[in-house]
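Worksheet for the structure shown next.
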Amino acid sequence: MIRNHMTNLDKKKSPAILVLIYWSIILSLGGFRSDHLMIGLLILVLWYTGKPLRKLFNFLLPLILTGIIYDSQRFYSDYIRGPVHVAEPYNLEKFLFGISTTNGLQTPNEWFQLHTNAILDLITGLAYIIFVPVFVITAACFSFYLSRKGTKKFPANKIATLAPAVMWSFFWVNMVGFSTYYWYAAAPPWYVALYGLGPARMDATANAAGCVRFDQILGTHFFDEWYGRSADVFGAIPSLHVAYPLIAVFFAFKFGALRTPSVLFYLIMCFAAVYLNHHYIIDVILGTAYGLAAALILNWCYERKNRIPT
């Protein structure tokens, strides 16, 4: 009984201790910001205010961990990154998907930057703003709504047991994607447009690329501020912007709900990634493959864990 009491006490203390350690580390590295304070407070509020919000904590945990790990890369990325590939992705893109023009062969990115459209700028820019919220809202629909209502294809209890796989697929596709940024660091197409195909400039900072047109139309500075906090310039392969919507598509078809909006948003993101000059088509293809692999593996793990027949 005493042992159980000590175990429960440790569980109660652990989140607070971990948050304090997190804050202490960021402070010691000299990178503490208001959003670090908010993340820590969010964890404490969700954990210590009762069971209803504890469920929300469990749902958001993969997102919180991903955000913390992504932000941490700014402290060590330059020390573990392998050689940066600048010309290789560009030349492969031109070889596979090059467009013949009067000015010679161009990548789709180069062609799009000469054929922009204000409506497309608004649609693709908005998609780039909401790509994570759209994924989280879709996952929340599976976890908190369909897990009670069910669908014609899947009963509610089966959706409830498999729904956590959606957010954990998000976490693991990020972990594998982040690792790829280091063993195959690749310059995005906007970098080539600014600096050319020579040796990588390690002093280059993240750039909003085509997203700046969205800000110019609306008179905002959203993307400048967002990319000003980017943790890695040379993380073009794979496109995680595309991987998240693909995971949503997989589970939308798995559960038999939200299929049309999920597919539509995935297709918009595929186009936006290239049109806004952030990714090559090869990045989009690899992002799709990473997302599908994560969804398949996590779905299989949860089906096996809960003995759900495929």
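The values are calculated or read from the model by the stated rules, or taken from the named source; none is laboratory data. The shown structure was predicted, so the numbers you read here are calculated from the model rather than taken from an experiment. Reconstructed Cβ throughout: ideal geometry from the backbone, glycine too, with neighbour counts over all protein chains shown.
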### Message
Take G210 and tell me if it is under 23 Å from A87 (Cα atoms) and crowded, with 18+ Cβ neighbours inside 10 Å.
### Response
yes
### Task
Can you tell me which residue among V242, V249 is of a type in the set (V, I, T), touching a His at 6+ places or on another chain (Cβ under 8 Å), part of a helix (DSSP H, G or I) and in the same structural domain as A185 (by TED's automatic domain parsing)?
V242
### Residue, farthest from T66 (Cα to Cα), within region 213-243, restricted to residues that are surrounded by fewer than 23 Cβ atoms within 10 Å (Cβ to Cβ) and among the small types (G, A, S)
G219
### Message
Just to be sure before I move on: is S143 in contact (Cβ under 8 Å) with a residue 60 or more places away in the chain, over 16 Å from the mean Cα position of the chain (by Cα) and closer than 30 Å to S72 by Cα in the structure I sent?
### Response
yes
### Query
Just one of I137, I159, I129 is surrounded by fewer than 18 Cβ atoms within 10 Å (Cβ to Cβ), at pLDDT below 95 and in a helix (DSSP H, G or I); which is it?
I129
### Query
How many residues are of a type outside the set (D, E, K, R) and surrounded by 12 or more Cβ atoms within 10 Å (Cβ to Cβ) if we restrict to region 196-207?
6
### Options D215, D203, D232, D283: the member that is in contact (Cβ under 8 Å) with a residue 60 or more places away in the chain and in a loop (DSSP other than H, G, I, E, B)
D232
### Task
Kindly provide the set of residues from region 66-83 that are surrounded by 14 or more Cβ atoms within 10 Å (Cβ to Cβ) and either without any contact (Cβ under 8 Å) to a residue 60 or more places away in the chain or in contact with a helix residue (DSSP H, G or I) (Cβ under 9 Å, 6 or more places away or on another chain) (or both), ordered by number.
T66, G67, I68, I69, Y70, D71, S72, Q73, F75, S77, R81
### Task
Could you tell me whether A243 is touching a residue at least 40 places away in the same chain (Cβ under 8 Å), under 14 Å from L162 (Cα atoms) and within 14 Å of the chain's Cα centre (by Cα)?
no
### Task
Sort through V263, V274, V284 and tell me the only one that's among the β-branched types (V, I, T) and farther than 16 Å from G235 by Cα.
V263
### Query
Going by the conditions given, is F154 in a helix (DSSP H, G or I), assigned by TED's automatic domain parsing to the domain that holds S262 and more than 24 Å from G219 (Cβ to Cβ)?
no
### Message
When the residues of region 270-283 are narrowed to those that are buried (at least 24 other Cβ atoms within 10 Å of the Cβ) and aliphatic (A, V, I, L, M), which ends up nearest to L126 (Cα to Cα)?
### Response
A272
### Query
Within region 150-186, how many residues turn out to be touching a Phe, Trp or Tyr at 6+ places or on another chain (Cβ under 8 Å) and more than 14 Å from G291 (Cα to Cα)?
11
### Query
If you scan region 1-31, which residues turn out to be modelled with pLDDT of 80 or more, in a helix (DSSP H, G or I) and of a type outside the set (A, V, I, L, M, F, W, C)?
S14, P15, Y22, S24, S28
### Sole residue being under 14 Å from the mean Cα position of the chain (by Cα) and among the small types (G, A, S), chosen from A272, A294, A257, A252
A294
### Condition check for F142: of a type in the set (A, V, I, L, M, F, W, C) and not in a helix (DSSP H, G or I)
no
